[in-house]
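> Submitted below is the structure of interest, expressed as structure tokens.
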Amino acid sequence: MQLRQATLGPSLFRRVARALLALALSFLPSVSVSVAEDEVKLSAEQAQNLGVRVTHPVSSRTDQTLPYPTQIVIPTPQLWVVSAPVAGMVSNLAVARGDRVDAGQPLVTLESPSFVSQQREYLQAVAQEVLAAQQLKRNADLFEGKAVPQRVLEASQTEARQASIAVAERRQMLRLSGLSDEAISRLTNEAAINATLTVSAPRAASVVDIAASPGQRLEQSAPLVKLAQLSSLWAEIAIPAANIRAIRTGAKIEIEGYATPGKVVLVSETTDAATQTILVRAEIPNNGELHPGQTAAARIGFLSAGESAWEIPYSGLVRRGEQTSVFVAIDSGFRLVPVALLAEDQDHVVVSGPLTDKNEIAIGGISALRGILSGLGP
């Protein structure tokens, strides 16, 4: 006879299933249960009739989880975009994606009318500062000879101060445009206005993206080149929420196929509602073997020295609320032994607890054993 859950309804289906299990157990030879100790007393014949299968736990590494899929990404503090300091046209692109650049190395050359205007305004401000300084000196001499009143001297002092402020402002604008102090001094002395502006790398880095093309006209602040320092990278791992209790900040992490370990720097406080996973981020020193965007497998440290971890088939894990246990074979049957769940995937789990490789763990007939503990058996 087949029972169809959809036909009977979930609640009725469960009641019928429990009744059938109890009926099946009633035909077995006498089965005694010690619920207080979470023991099921069964003979070898009774266990076989119930379909109970066992296996030995396999010793797992005591310092690592099962491997988790990992995404290698660039740390956000090590990633920045070089933008156009002024509006203009890209006349030359000196780098390509993947290049390594040094601090001060040219990246992009722009032809910019706005840059020409900035230089002109700076030179005008410098000329006005010189004129205001000369007027202040004349009025100071006249004031000493009592040829002009004090208010004239104070007005000249104010004009000279304002002229100095204007020069400082225009000089800062040129610095923001990418001109060095040496280039600004040369502009001041020679008054040679340049129509092209070279944008340079602010520090040593790798080019990870090019956002502009030769001949392209850009507005001010438009992105030109994306740079990154790759001396260290992040490994981002989505850990099932049920496993996160075994992982702590500072834990060691190893990327399979990569010799240098890293450490966990973040265990997110939020859960992804769609996948029921929690983000774990680790920082990995990079000697050139890791590349942003690649996927890998990572194992995370979760146990302190001296503890034991055991890998068993997923079917052997017994869940009762938040408690996880396994059925361990004893002389008189099976005992339900609490264990700590450290890691799991669709086929296996890693647990810690009072187990040895000599124990036999039930991995089949679990429903029957649980049914007896629940009082369905005689």
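> Let me check something: with ligands and nucleic acids excluded, how do LYS358, LYS41, LYS146, LYS137 order by accessible area (1.4 Å probe), largest to smallest? Spell out each step's value before the answer.
Values: LYS358 160, LYS41 85, LYS146 185, LYS137 130 Å².
Order by accessible area, largest first: LYS146, LYS358, LYS137, LYS41.
> A further question follows. Within a Cβ distance under 11 Å of GLY316, other residues only, what is the Lys/Arg minus Asp/Glu net charge? Mind dumping the intermediate values first?
Working: positive: ARG53; negative: GLU311, GLU360.
Within the 11 Å Cβ shell, the charges total -1.
> Which whole-number percentage describes the relative contact order of the chain, with Cα contacts under 8 Å and a sequence gap of 6 or more?
Once divided by the residue count of the chain, the mean separation gives 28 percent.
> Below 12 angstrom from the Cβ of PRO240, what's the summed charge of the other residues (Lys, Arg +1; Asp, Glu -1)?
Details: positive: ARG245; negative: ASP272, GLU344, ASP345.
Local charge sum for PRO240: -2.
> Continuing with this model, one more query. In nanometres, what is the gap between the two model label sites at VAL73 and GLU169, each 7 Å from Cα along Cα-to-Cβ?
The answer from the label model is 4.2 nm.
> Once you place label points 7 Å from the Cα toward the Cβ at THR196 and ALA87, how far apart are they in nm?
Result: 2.3 nm between the two label points.
> Let me ask something else. Mind listing the long-range amide H neighbours of SER60? Cut-off is under 5 Å, sequence gap 5 or more, other chains count too, H placed in the peptide plane at 1.01 Å from N.
Result for SER60 returns ALA309, TRP310, GLU311.
> With every protein chain left in place, what is the accessible area per residue of the chain in square angstrom, probe 1.4 Å?
Details: 20880 Å² over 378 residues.
The answer is 55 Å² per residue.
> Suppose we flag GluC sites (Glu not before Pro) only when DSSP calls them loop and at most 13 other Cβ atoms lie within 10 Å. Which is the longest uninterrupted stretch of the chain? Please list the in-between numbers first.
Values: sites that count: GLU219, GLU256, GLU269, GLU289, GLU307, GLU322.
The segment 1-218 is the longest one with no such site.
> Give me the net charge for the shell around ALA160: Cβ to Cβ below 10 angstrom, other residues only, Lys and Arg +1, Asp and Glu -1.
Values: positive: LYS137, ARG161; negative: GLU129, GLU159.
Neighbourhood net charge equals 0.
> When the Cα centres of the range 109-152 and the range 208-250 are compared, how far apart do they sit, in Å?
48
> With labels modelled as points extended 7 Å from the Cα through the Cβ direction, what inter-label distance (nm, one decimal) is found for ALA204 paired with LYS137?
4.8
> Can you run phi through the Karplus equation (6.51, -1.76, 1.60; θ = phi - 60°) for the range 324-340 and list ³J(HN,Hα) in whole Hz, with x for Gly and Pro?
Taking θ as phi minus 60°, the curve returns 10, 8, 9, 8, 9, 5, 10, 4, 9, x, 9, 10, 7, 10, x, 9, 9 Hz for the range 324-340.
> A further question follows. Hey, any idea what % of the chain's accessible area is carbon plus sulfur with a 1.4 Å probe? Write out the running numbers ahead of the final one.
Numbers: 10580 of 20880 Å².
The value for the chain is 51 percent carbon and sulfur by accessible area.
> Could I ask something else about it? Specify whether the C-alpha gyration tensor of the chain places it in the rounded, prolate or oblate class, a ≥ b ≥ c being the square roots of the eigenvalues: rounded for a/c under 1.5, otherwise prolate if a/b is larger than b/c and oblate if not.
Working: a/c = 4.01, a/b = 3.61, b/c = 1.11.
Prolate, because a/c is 1.5 or more and a/b exceeds b/c.
> With r as the distance between the Cβ atoms of THR249 and ASN287 and R0 = 25 Å, compute the FRET efficiency 1/(1 + (r/R0)^6) and round to 0.05. Walk me through the intermediate numbers first.
Details: r = 24 Å, r/R0 = 0.96.
That pair, ASN287 with THR249, gives E of 0.55.
> Among 208-217, 270-279, 324-333, how do they line up from the highest to the lowest mean number of other beta-carbon atoms within 10 Å?
Details: 208-217: 14.2, 270-279: 12.2, 324-333: 18.3.
So the peptides 208-217, 270-279, 324-333, ranked by packing, come out 324-333, 208-217, 270-279.
The values are calculated or read from the model by the stated rules, or taken from the named source; none is laboratory data. Worth saying up front: this structure is predicted, and the values here are computed from it rather than measured. All Cβ positions, glycine included, derive from the backbone under ideal geometry; neighbour counts span all protein chains shown. For accessibility, only protein heavy atoms count, side chains too; no ligands or nucleic acids. Shrake-Rupley method; radii C 1.70, N 1.55, O 1.52, S 1.80 Å.
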